[in-house]
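The values are calculated or read from the model by the stated rules, or taken from the named source; none is laboratory data. Since we're looking at a predicted model, the values are computed, not measured. Positions of Cβ are backbone-derived with ideal geometry, glycine not excepted, and every protein chain shown enters the neighbour counts.
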Amino acid sequence: MRGKLSVLEQTLHQEVPLTEQMGVRVESHDGHELVLHADFEPNINIHGTAFGGSLYSICAVTCWGMLHLKFEEAGIDAHSVLVQARISYIRPVKGDIQARCSLPVDGTFEQFIQRLRQGEKARIDLVAEICTEDGVAVSYSGNYSAFFKRN
């Protein structure tokens, strides 16, 4: 599994160069949840807390990374793009950033994959959170569209 995570990290740094500048690393993936980590220092704002744009970015790429891994696992050669997102900044993040994306448990992910297997475009809502010792600091919800790659 670590090999897949290293490949995902390299892919993120190549496809989204900002992630390398942010110090993003793929921390873990258990098949249901993906965790990414970003260093605090390159993501500090003028208030000494994590910059909102960095928090948004790591949430967006955590969800994208989850889809990337699940497509690979399912043998689906697809692209995904962020269509729409919303984010709530609940409390400041004052240290390294850890974002988590878990697959939905309501059956929508399985329906999403089935639509792709049938050759259709598919959309899904994914959630990412960034927590601190005080609880949820950032809550992100993104709607992702997926489609087969064209040769």
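Going by the structure shown, is residue 26 assigned to a loop (DSSP other than H, G, I, E, B) and among the hydrophobic types (A, V, I, L, M, F, W, C)?
Numbers: assigned to a loop (DSSP other than H, G, I, E, B): no; among the hydrophobic types (A, V, I, L, M, F, W, C): yes.
Here the answer is no, as residue 26 does not meet what is asked.
Condition test on residue 53, is it modelled with pLDDT of 95 or more, over 12 Å from the mean Cα position of the chain (by Cα) and not in a loop (DSSP other than H, G, I, E, B)?
Values: modelled with pLDDT of 95 or more: yes; over 12 Å from the mean Cα position of the chain (by Cα): yes; not in a loop (DSSP other than H, G, I, E, B): yes.
Considered against the rule, which asks whether it is modelled with pLDDT of 95 or more, over 12 Å from the mean Cα position of the chain (by Cα) and not in a loop (DSSP other than H, G, I, E, B), residue 53 comes out as yes.
Are there any pairs with C-beta distances below 8 angstrom linking a residue in segment 120-147 that is free of Cβ contacts under 8 Å to residues at least 12 places away in the same chain to a residue that is small (Gly, Ala, Ser), with the two at least 6 apart or on different chains, and if so which?
Between residues of segment 120-147 that are free of Cβ contacts under 8 Å to residues at least 12 places away in the same chain and residues that are small (Gly, Ala, Ser), there is no close pair.
What is the residue count in segment 75-105 for residues that are within 25 Å of residue 148 (Cβ to Cβ), without any contact (Cβ under 8 Å) to a residue 60 or more places away in the chain and exposed (fewer than 13 other Cβ atoms within 10 Å of the Cβ)?
Selection size over segment 75-105: 2.
For segment 82-106, which positions are farther than 22 Å from residue 40 by Cα and either of a type in the set (S, T, N, Q) or modelled with pLDDT under 95 (or both)? Before you say what the answer is, go through the steps one by one.
Quick first cut of segment 82-106, residues farther than 22 Å from residue 40 by Cα only: 82-86, 102-106.
Hits for segment 82-106 are 84, 102, 105.
Only residues that are touching a helix residue (DSSP H, G or I) at 6+ places or on another chain (Cβ under 8 Å) and part of a helix (DSSP H, G or I): list them for segment 1-23, please. Don't jump to the end; show me each part of the working.
Restricting attention to segment 1-23, the residues satisfying the condition of being touching a helix residue (DSSP H, G or I) at 6+ places or on another chain (Cβ under 8 Å) are 4, 8, 11-13, 16, 18-23.
Within segment 1-23, 4, 8, 11, 12, 13, 18, 19, 20, 21 meet the criteria.
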